[in-house]
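S.K.: What follows is a single structure, and I will ask about it in a moment.
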Amino acid sequence: MKNLILAFTLILIAIKVEAQYFDVPLKDADNLWQSGKIEEAIEMYKLIIKGYEIPRAYESLVSIRLAEAQYQTKQYDDCLQTLANMSVIEKIPEHHALKMMDIKKAINNEPLYSRTAIPSRDKIAVSCFVSQKSGNYKADGTVQKPFSSIEQALEFVKKILNGSTIKRGTAEIVLLDNEYKISREIKIDLSGTEKNPVVIRSQSESNRTLINGGVPVLNWEKETDREMLSLLPSNVRGKVLVADFDKNEISGLPEYILTGSSSKRNRGNDAYVPELFCNDTPQILSKWPNDRSIYSTMEGFKDSRADKWVQENDVWLHGYWKHTWSDAYEKLKSFSESTGIELEEPFNGYGFANEASSKGWWIPTKSDWYVVNSLSEIDIPGEYKISVEDKKIWYFPNEDFDPGHCFLSLNGNVFLMEGVNHLTIEGLDFRYIRGNVLTATDCSDISFINNSVKNSSSYAIEINGGKNYLIHSNTIENMGKGGININGIGNIERLEDANSVIENCTFRNLSRLDKTYTPALWLGGVGILVQNCLFDNMQSSAIRIEGNDILVQLNRFTNCVLDSDDQGTIESFGNPLFRGNVIRWNYFYKEGVKPQVGPIRLDDLISGYCITENIFRQSGMNWFGGVQIHGGHYNIIEGNLHVDCNSLVSQTAYGNERWFSSLNKSEALNGEYWKNDLWQNRYPDLKLLFDENGYDLNYSIDNLGVNTTQKFLRKTDQLKSLNDLLIEETDVPEELSDLKKYMMPWHKIPVSKIGLY
């Protein structure tokens, strides 16, 4: 009976071959597999490959189906032959190339993916010790006579490494104290070698050193000055405390400058503002309104409460002044009920919304803003105002207020290095840093392992150029800006991998001050792997990709892009040469509270992305789908699972004229390097960049929506759909592991491996 069914099926296939309807027999073969008739499915896939003229975009799709089916039926030799036969396919999308490698690994009993090993330091060549408490001028770097500073230890190790007798092993700098206070940045000009890498670490995991850039704010008094009391809301007079800079030995602060993504005031380290922290928690820069924004032009604001604002120093307005995707702080200059608010120049780079300049729904008629750092708006516990000009902090304390646990972030950056190699920072806790913790320029083999960075005003790490970075098992949270900012690692023109990894890290509560373009990860370069990370509660995006051959896999995303609009949890923008990027095996939960926010956004010319086998749950609920494509082409969205979402994919099409006009204006295409054989062979779709029919051409394949409203938003004929499906379920499991029942047998997502380990 089985043979009769197979024969009949093959006859039907043969008939259909004449009509060249590729999608119909593919669906028939898929149905056989899903119904348990995998052997019949294998024969049908073979017949499709042999007898059909499969469109270029789908050539590898059928072969991957066949190879996976052969693997699952333990036909390993046939499976390997199928993979070998794929060498004749001109364009194998990067996610299919990864799946080919996965199948080969599985046949060889290798894991689908490997966790990145942390470098071992079993062999210690030299140890020197640092203690600010017990170090002195007689120090020799031993435990008994430790150095008093990290700088001393660096000089000592440098001399040792320059000698000729040091044995193979790690040269370690061990911090002995519970706390190490910094008052200035530490410049590292010491390089290790492969033979003798350098490590800066705490004494032990159970005795971690706190690198503290803050100063204690111990001396507080009730505010009694009549002029200041008159500015305070009546219900908090007598409750607000004031700390004088001089009485708390706070000095050296520059002008108090708040910035934002479109600010013209950004002046490097001077733009990192000091912040108040109590009980290891960021306190609230005073704000009005407390729980919303004001929607008004400057000249249209007539509220007399602003009479008090102008009696103070250092009062700022934070706003989305013209675009919902770009924030900036503007400094208050004056106010009158007749003319409204006047701001102090320079203004943000985009200007301000007004009714006369509005050109459509994307440019509002009024600005969206609120006031910050005003004494007259301190009205809830935890709020504070700081004035560098007045040299004072005003604070409405919480009930558990303890001045012994109050710090002002004052000092930072911490570590600066340029041209340094083979160095690891491990097992340290960084707090209250007014700036970056680590800034590395043109370095190689730098590791940042098992550290925590919290309660600081800028980024944890900034990397410019270089290669071989390992950022592993860190916690980064409560940051004024973003998490890790990476620019230009690897070599883009020669497509040389940076061979860099960000793994098993937690990113939480970021972008506290600057709300846009301060993602947890800004990935600029070639060859970066991000896996097994947690991204939770982001005001801005979680990841911004500006590079090539970047793999983002096995990560969890929850509640990202909470403040900005017109953004994605994973975001890429503007450069049609960003190629080879794969986003797979990730879990997105509750992404998209604003109208134009979704899990993944490919914005303005972004092309050639592979987005495959991700799970989206309650994400992309408004104008953006699980994946939003704005004007790019040859993106492949394949095998994703959407649960309780609005749509699978949304498209904002450019159309022919805008596409080619944008390409001709693109600065990214001005160079010649992308036209050479290296680039054209690595990314064959570049040959079709100016194809007259290539505008807006994208592919949605095998995407399943469970209790999802619709397949597509704003779909054009250029968005090709194959085997996308919507189903209704009355009882969808809550546990991620239980969602496996909805996965197609050729799209198995390793849900047990997603997230931190």
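The values are calculated or read from the model by the stated rules, or taken from the named source; none is laboratory data. Since the structure is predicted, the reported quantities are computational estimates derived from the model, not experimental observations. Using ideal geometry, Cβ is built from the backbone for each residue, glycine included, and neighbour counts are taken over all protein chains shown. Protein only, heavy atoms only, side chains kept; ligands, DNA and RNA dropped before computing areas. Shrake-Rupley method; radii C 1.70, N 1.55, O 1.52, S 1.80 Å.
S.K.: Among the residues of the stretch 745-754 satisfying the criterion of being crowded, with 17+ Cβ neighbours inside 10 Å and assigned to a loop (DSSP other than H, G, I, E, B), which is farthest from the chain's Cα centre (by Cα)?
M.R.: Trp746
S.K.: Residue under question is Asn421, and the condition is that it be crowded, with 22+ Cβ neighbours inside 10 Å and on the phi < 0 side of the Ramachandran plot; does it hold?
M.R.: Spelling it out, it is not the case that Asn421 is crowded, with 22+ Cβ neighbours inside 10 Å and on the phi < 0 side of the Ramachandran plot.
S.K.: I'm checking my understanding of the structure. Among residues of the stretch 720-742 that are more than 27 Å from the chain's Cα centre (by Cα) and among the hydrophobic types (A, V, I, L, M, F, W, C), which one is nearest to Trp659 (Cα to Cα)?
M.R.: Here is the first cut: in the stretch 720-742, the ones more than 27 Å from the chain's Cα centre (by Cα) are 720-733, 738, 741-742.
Filter once more, keeping what is among the hydrophobic types (A, V, I, L, M, F, W, C): 722, 725-727, 732.
Numbers: Leu722: 24, Leu725: 30, Leu726: 31, Ile727: 35, Val732: 41 Å.
The residue in question is Leu722.
S.K.: Name every residue in the stretch 176-214 that is in contact with a Lys or Arg (Cβ under 7 Å, 6 or more places away or on another chain), assigned to a strand (DSSP E or B) and closer than 13 Å to Phe129 by Cα, in order of residue number.
M.R.: Within the stretch 176-214, Val199, Ser202 meet the criteria.
S.K.: Residue by residue through the stretch 693-719, note down the ones that are open to solvent by 70 Å² or more (accessible area, probe 1.4 Å) and either within 19 Å of Asp604 (Cα to Cα) or without any contact (Cβ under 8 Å) to a residue 40 or more places away in the chain (or both).
M.R.: Across the stretch 693-719, the qualifying residues are Asn693, Arg714, Lys715, Asp717.
S.K.: For the stretch 556-576, give me each residue that is under 16 Å from Ile486 (Cβ atoms), surrounded by 21 or more Cβ atoms within 10 Å (Cβ to Cβ) and in contact (Cβ under 8 Å) with a residue 40 or more places away in the chain.
M.R.: Glu571
S.K.: Just give me the residues in the stretch 244-267 being over 15 Å from Gly349 (Cα atoms) and either aliphatic (A, V, I, L, M) or open to solvent by less than 50 Å² (accessible area, probe 1.4 Å) (or both), in sequence order.
M.R.: Within the stretch 244-267, Asp244, Phe245, Asn248, Ile250, Leu253, Pro254, Tyr256, Ile257 qualify.
S.K.: Consider His323 against the criteria (1) open to solvent by 10 Å² or more (accessible area, probe 1.4 Å); (2) at pLDDT 90 or above: it satisfies all of them except one. Which criterion is unmet?
M.R.: (2)
S.K.: Further question: Considering only residues that are open to solvent by 30 Å² or more (accessible area, probe 1.4 Å) and of a type in the set (Asp, Glu), which ones fall in the stretch 91-115?
M.R.: Glu94, Glu110, listed by residue number.
S.K.: Give all pairs with beta carbons closer than 8 Å in which a residue from the stretch 216-235 that is in contact (Cβ under 8 Å) with a residue 40 or more places away in the chain and over 24 Å from Asp307 (Cα atoms) meets a residue that is open to solvent by 90 Å² or more (accessible area, probe 1.4 Å) and among the β-branched types (Val, Ile, Thr); count only pairs at least 6 apart in sequence or on separate chains.
M.R.: Hits for this filter: zero, empty list.
S.K.: Consider Lys133 carefully, then state whether it is touching a Leu at 6+ places or on another chain (Cβ under 9 Å), part of a helix (DSSP H, G or I) and surrounded by fewer than 18 Cβ atoms within 10 Å (Cβ to Cβ).
M.R.: no
S.K.: With respect to the numbered conditions (1) open to solvent by less than 20 Å² (accessible area, probe 1.4 Å); (2) on the phi < 0 side of the Ramachandran plot; (3) part of a loop (DSSP other than H, G, I, E, B), which one is the sole condition not fulfilled by Trp679?
M.R.: (3)
S.K.: Considering every residue within the stretch 724-743, establish whether at least one is touching a residue at least 24 places away in the same chain (Cβ under 8 Å), assigned to a loop (DSSP other than H, G, I, E, B) and open to solvent by 60 Å² or more (accessible area, probe 1.4 Å).
M.R.: For the stretch 724-743, residues touching a residue at least 24 places away in the same chain (Cβ under 8 Å), assigned to a loop (DSSP other than H, G, I, E, B) and open to solvent by 60 Å² or more (accessible area, probe 1.4 Å): absent.
S.K.: Ok, one more. Looking for something more than 16 Å from Phe578 (Cβ to Cβ), among the aromatic types (Phe, Trp, Tyr) and modelled with pLDDT of 95 or more - is there at least one such residue anywhere in the stretch 670-682?
M.R.: No; the residues of the stretch 670-682 include none that is more than 16 Å from Phe578 (Cβ to Cβ), among the aromatic types (Phe, Trp, Tyr) and modelled with pLDDT of 95 or more.
S.K.: Continuing with the same structure: Kindly indicate the residue of the stretch 531-552 that is hydrophobic (A, V, I, L, M, F, W, C) and part of a loop (DSSP other than H, G, I, E, B) and also surrounded by the most Cβ atoms within 10 Å (Cβ to Cβ) among those meeting that condition.
M.R.: That would be Ala542.
S.K.: Still on this model: Scan the stretch 24-46 residue by residue and report those that are within 17 Å of Asp78 (Cβ to Cβ), open to solvent by 30 Å² or more (accessible area, probe 1.4 Å) and either among the acidic types (Asp, Glu) or modelled with pLDDT under 95 (or both).
M.R.: Those that are within 17 Å of Asp78 (Cβ to Cβ), open to solvent by 30 Å² or more (accessible area, probe 1.4 Å) and either among the acidic types (Asp, Glu) or modelled with pLDDT under 95 (or both): Glu39, Glu43.
S.K.: Let me ask something else. When you scan the stretch 429-487, how many residues do you find that are touching a Leu at 6+ places or on another chain (Cβ under 6 Å), in contact (Cβ under 8 Å) with a residue 40 or more places away in the chain and hydroxyl-bearing (Ser, Thr, Tyr)?
M.R.: Total satisfying the criteria: 1.
S.K.: Still on this model: Right, Ser737: closer than 17 Å to Arg617 by Cβ and hydroxyl-bearing (Ser, Thr, Tyr) or not?
M.R.: yes
S.K.: Would you call Asn219 among the polar types (S, T, N, Q), part of a loop (DSSP other than H, G, I, E, B) and open to solvent by less than 60 Å² (accessible area, probe 1.4 Å)?
M.R.: Answer is no for this residue.
S.K.: Could you tell me which of the residues Lys159, Lys181, Lys138 is open to solvent by 20 Å² or more (accessible area, probe 1.4 Å) and either of a type in the set (A, V, I, L, M) or under 21 Å from Val215 (Cα atoms) (or both)?
M.R.: Lys181
S.K.: Report whether or not Leu510 is touching a residue at least 12 places away in the same chain (Cβ under 8 Å) and either crowded, with 23+ Cβ neighbours inside 10 Å or under 15 Å from the mean Cα position of the chain (by Cα) (or both).
M.R.: yes
S.K.: Next up: Would you mind finding the one in Thr518, Thr475 that is in contact with a strand residue (DSSP E or B) (Cβ under 9 Å, 6 or more places away or on another chain) and open to solvent by less than 10 Å² (accessible area, probe 1.4 Å)?
M.R.: After ruling out the rest, the residue left standing is Thr518.
S.K.: Name the pairs whose Cβ atoms lie under 8 Å apart, with the first residue in the stretch 283-311 and among the basic types (Lys, Arg), the second loosely packed, with under 14 Cβ neighbours inside 10 Å, and 6 or more positions between them or separate chains?
M.R.: That search, which allows pairs on different chains as well, returns Lys302/Glu337.
S.K.: Another question, then. Only one residue in Lys302, Lys287 is within 26 Å of Ile476 (Cα to Cα) and among the charged types (D, E, K, R), so which one is that?
M.R.: The conditions single out Lys287.
S.K.: Ok, one more. Only one of these conditions is not met by Thr612: (1) of a type in the set (Val, Ile, Thr); (2) over 23 Å from Ser540 (Cα atoms); (3) open to solvent by 10 Å² or more (accessible area, probe 1.4 Å). Which number is it?
M.R.: For Thr612, the failing item is (3).
S.K.: Hey, among the residues in the stretch 300-320 that are assigned to a helix (DSSP H, G or I) and of a type outside the set (Lys, Arg), which one's most open to solvent (accessible area, probe 1.4 Å)?
M.R.: Applying the filter and picking the extreme gives Asp307.
S.K.: Looking at (1) surrounded by 14 or more Cβ atoms within 10 Å (Cβ to Cβ); (2) in contact with a Lys or Arg (Cβ under 6 Å, 6 or more places away or on another chain), find the lone condition where Arg168 falls short.
M.R.: (1)
S.K.: Please work out which residue is least open to solvent (accessible area, probe 1.4 Å), limiting yourself to the stretch 225-243 and to residues that are at negative phi, in a loop (DSSP other than H, G, I, E, B) and not hydrophobic (A, V, I, L, M, F, W, C).
M.R.: Out of the qualifying residues, it is Pro233.
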